[in-house]
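**Q** Right, I'll just put the structure down here and ask away after.
What follows draws every value from the coordinates through simple rules; no lab data is involved. As the structure is a computational prediction, the values presented were derived from the model and not from experiment. Don't worry about glycine lacking a Cβ; one is built from the backbone with ideal geometry, like all the others, and counts go over all protein chains shown.
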There are 2 protein chains.
Amino acid sequence: MIKKRVTSKMVAKQAGVSQTTVSFVLNKVEGQNISPETTERVIKAARDLGYVPDATARMLARGVSDNVALVLTRPHEAVLSDEFVSYIMTGIAKVLRKEPYRILVEFIDEDMQGQTYFNLAQGKEAVGLIVIPYNPSARDIETMKTLSEEGFPITTLGKLHDTINSVSTADEQGIQDALIHLYNLGHRSIGVISYAPQDSGFTPQGRLDTYEQFMMEKNLPFNPNYIIHGAFTPESGYQAALQLLSLDQPPTAILALNDVMAFGAMTAIQESGLKVPEDVAVIGYDGILLARYTSPALTTVEAPNIEQGKLAAKMLLDIIDNKPIESRHITLTPELIIRDSCGYHLKHNKK
Amino acid sequence: MIKKRVTSKMVAKQAGVSQTTVSFVLNKVEGQNISPETTERVIKAARDLGYVPDATARMLARGVSDNVALVLTRPHEAVLSDEFVSYIMTGIAKVLRKEPYRILVEFIDEDMQGQTYFNLAQGKEAVGLIVIPYNPSARDIETMKTLSEEGFPITTLGKLHDTINSVSTADEQGIQDALIHLYNLGHRSIGVISYAPQDSGFTPQGRLDTYEQFMMEKNLPFNPNYIIHGAFTPESGYQAALQLLSLDQPPTAILALNDVMAFGAMTAIQESGLKVPEDVAVIGYDGILLARYTSPALTTVEAPNIEQGKLAAKMLLDIIDNKPIESRHITLTPELIIRDSCGYHLKHNKK
DNA sequence: ATAATCTACTAATACGCTTTAGTAAAAAGA
DNA sequence: TCTTTTTACTAAAGCGTATTAGTAGATTAT
């Protein structure tokens, strides 16, 4: 049997004051002129009784939840093999742990996307939403837009719409940097391993477009066979690389849209008896910690994920607190980390 | 401005029934003899108005929260470089997504450990706790024990006390398997990279004890210098391996207590001009997906982390629902995955 | 000396739901 | 026919907090 809850009423009785006063004291409400003696009496009573305010009652009375929801629209098996979400969460946690908010993690089922946002918002499960929108349907965006315009705090990771605040990484820029890096090292046939199965709806079309555009700009042949659709996991990168290698004219370089698949690709290349980077260059994306510890060390584009999480959380808090927001849309710049998997150091006689 | 909330009262009015009836219908309360016509009218009204129940009010009225808290006592920077937490969360999410519970992630600050459990429980932030206890103080354990004995649902990952339900992995067994594997391959001097800084309180003493005991059993010299304390990250594994290699008599094999540090160790060995496994064997622990994609592929002990998360969640739900629990303590068995970083296949002429 | 202001509180209500206790009308039983 | 039971609901009482609107009594202003 759980002991009878200690309520603020009991604290009030113990301290010989009204429940109102207890609330004023414990919440440090200003302009109430509570005397120091009373204040101390209340605090002592609360401590003596082991009073813990009832979160559900407080939320109801205040009309606002304590929780910030992190909404994941990504198929959640992928959370596993890709550290992106971990990094984002870490960033969010770093900001929120100093605040009176908790993190509610919400995995969205594909069959009830739009509704969930409403439930979280209207149902007051959360004061605000940080959304990682991997596959937002038009309806989802519409829903978020509506909520956002009605004043409900939302921040998305990646810009979805002008009126929905966002913190993004300039992925197209990052992809471009990677491609230029490969190009400058002499590569003209570049394969791409996308991180989502075709038609899954999670295809990173923007990044693929960047690739296509780059090839056109450089007057390189665009070969659709050079785009393989992986599935976030290292194994899928492995398989994708094998597919690329089995082409009549395999690419001389492979860009994997996440590091984890780049790991798989490198292994596939090496197991095929080829060398990285001499025979095939590999470049990743994300900048996970392990990327420096492959052999050869993986050249990759490091996305500032923790920072992105932090900024998203900070922006959300600003919206919640009605603080003026400097910018509704922040874009972070990813950074190319040159290591050994593309042959840069070989070519430049370094290292 | 957010539109006026749609309350159950408004639904009631619209449907021409009492608010009580609305509650009965929408919650499918049994034994209330609501006619099909009324039921339908209520459902229609709710849908038409876009009614979303207020979670805070419902929780207060029911006296129970909607949330299951995942409590992380690990220093959360480590969440990053180690996939353990991601796996656990995935397991939990797989179970909870079918249930009317949400996941609340709570990072515990070291300076307020004990209190947090109480706050979550007494403050009704959560109906139950799944605790990942990396560094439980005696007081923490006492707190959890008290809560647990009072009937508050708690499941810990790893057994802390007889009266606190738990789902564990037989880590000592796993470590032993790893050591036996190395021993059978002829290794007599085995270094260990622990995953937590010395005196951090996170030191996995049980595993280190297993190591010491193993060495004694096999009549091998126990050299304290062979135990290096890392810090969860690949970089710390790298540094630790360098330290081991710089000893007068470096070990011929290294056991890293997580895979990520094993990655770092392998890189350190290779960069020192030595070969894995010919010169130094490396074995990891965790069984992360990437372990198969190092070169050589990492031999490791795979802990069933997703399963552990799932079982912890299931057990918690059973406690919450007052279902009879088969066992208060479940122990899962880790599995040695033999790949190439210890030379097994070399020795046995396979592959 | 009286009105105005300030100090230090409190009574009462609202938040939106669940749930208990009850009730009128219809059906069944005697 | 009258009582009992069943059907199909509803009124009203919480849940534990925050908050608004007061209110005595003390102090200051005029």
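**Q** Suppose the chain between B:K13 and B:L26 were pulled fully straight at 0.36 nm per residue; how much longer would it get relative to their current alpha carbon spacing?
**A** 3.2 nm
**Q** Now a separate question. I'd like the mean, over residues of A:18-25, of how many other protein chain beta carbons sit within 10 Å of each residue's own Cβ.
**A** Mean partner-chain Cβ count within 10 Å for A:18-25: 0.
**Q** Rounded to the nearest 20 debye, what is the charge dipole size of chain A about its Cα centre when +1 sits on each Lys and Arg Cβ and -1 on each Asp and Glu Cβ?
**A** Numbers: 33 positive and 41 negative charges, 372 e Å.
So the magnitude is around 1780 debye.
**Q** If contacts are Cα pairs under 8 angstrom and at least 6 residues apart, what is the relative contact order of chain B in percent?
**A** 17 percent
**Q** Now a separate question. Can you tell me the order of A:17-23, B:256-262 when each peptide is scored by its average per-residue count of other Cβ atoms within 10 angstrom, highest first?
**A** So the order, starting with the most tightly packed, is B:256-262, A:17-23.
**Q** Still on this structure, I have one more. Could you check what % of the DSSP bridge pairs in chain B are antiparallel, to the nearest 5? Walk me through the numbers on the way to the answer.
**A** Working: 3 of 37 bridges.
Percent antiparallel among DSSP bridges in chain B is about 10.
**Q** In whole Å, how far is the Cα centre of region A:96-157 from that of region A:15-61?
**A** With region A:96-157 and region A:15-61 each reduced to a Cα centre, they are spaced 33 Å.
**Q** Measuring label to label, 7 Å along Cα→Cβ, what does A:I337 give against each other copy in nm, shortest first?
**A** Result, one decimal in nm: 2.3.
**Q** Assuming a viscosity of 1.567 mPa s and a temperature of 4 °C, what translational diffusion coefficient in µm² per second does Stokes-Einstein assign to chain B, Rh being the Kirkwood radius over Cα pairs?
**A** Calculated translational D: 56 µm²/s.
**Q** Please order A:K310, A:K347 by the number of other Cβ within 10 Å, starting at the fewest.
**A** Exposure proxy ranking, most exposed first: A:K347, A:K310.
**Q** Let me have the 222 nm mean residue ellipticity of chain A computed from DSSP H runs of 4+ only, each contributing -39500 (n - 2.57), with the sum over all residues rounded to the nearest 500.
**A** Theoretical 222 nm ellipticity from helices: -13000 deg cm²/dmol.
**Q** Which three extents, in whole angstrom, do the alpha-carbon atoms of the protein assembly as shown cover along their principal axes, largest first?
**A** 76, 68, 54
**Q** Let me ask you something else. Can you work out the FRET efficiency for the pair A:Q249 and A:A170, with r the C-beta to C-beta distance and R0 = 35 Å, to the nearest 0.05?
**A** 0.65
**Q** Rounded to the nearest 0.05, what FRET efficiency is calculated for A:A61 and A:E149 with R0 set to 35 Å and r the Cβ-Cβ distance?
**A** 0.80
**Q** Pull up the DSSP beta bridges for the protein assembly as shown and report the antiparallel fraction as a percent, rounded to 5.
**A** Expressed as a percentage, antiparallel bridges in the protein assembly as shown total about 10.
**Q** Residues of B:291-300, mean number of Cβ from any other protein chain within 10 Å of their own Cβ, rounded to a whole number? Don't jump to the answer; show the numbers that get you there.
**A** Details: counts 1, 6, 17, 7, 8, 1, 2, 0, 0, 0.
Taking the mean over all residues of the peptide, I get 4.
**Q** Label B:D209 and B:E40 with points 7 Å out from Cα along Cα→Cβ: what is the distance between them in nm?
**A** Between B:D209 and B:E40, the simple spin-label model gives 6.7 nm.
**Q** What's the ranking of A:53-61, A:28-36, B:31-39 by average number of surrounding C-beta atoms within 10 Å, highest first?
**A** In descending order of packing, they fall as A:53-61, B:31-39, A:28-36.
**Q** Between copies, how far does the label point of B:G186 sit from its twins, in nm, shortest first, when each point is 7 Å from Cα along Cα→Cβ?
**A** Going from nearest to farthest copy, the values are 4.1 nm.
**Q** Shifting gears a bit: Before anything else, pin down the relative contact order of region A:213-351: Cα pairs under 8 Å, at least 6 apart, normalised by residue count, whole percent.
**A** Relative contact order comes out at 19 percent.
**Q** Can you list residues whose amide H is under 5 Å from A:T331's amide H, if they're 5+ apart or on another chain and H is modeled 1.01 Å from N?
**A** A:S168
**Q** With r as the distance between the Cβ atoms of B:L332 and B:N225 and R0 = 25 Å, compute the FRET efficiency 1/(1 + (r/R0)^6) and round to 0.05.
**A** Details: r = 33 Å, r/R0 = 1.32.
Here the calculated transfer efficiency is 0.15.
**Q** For A:N135, place a label point 7 Å from Cα along the Cα-to-Cβ direction in every copy; what are the distances to the other copies, in nm, shortest first?
**A** 4.0
**Q** Moving on to the next point. Say each of A:A138 and A:I325 gets a label point 7 Å from the Cα, pointing the same way as Cα to Cβ; how far apart are those two points in nm?
**A** Distance between label points: 2.5 nm.
**Q** Pick from A:R97, A:R188, A:R47: which is most flexible by mean-square fluctuation in a GNM of chain A where alpha carbon atoms under 10 Å apart are linked?
**A** A:R47
**Q** Under a point spin-label approximation (7 Å from Cα along Cα-to-Cβ), what is the B:H161-A:R97 distance to one decimal in nm?
**A** Each label point is offset 7 Å from its Cα along the Cβ direction, giving 2.5 nm.
**Q** A follow-up question, please. Other chains near B:53-64: what is the mean number of their Cβ atoms within 10 Å of each residue's Cβ?
**A** Mean inter-chain Cβ contacts per residue within 10 Å come to 6.
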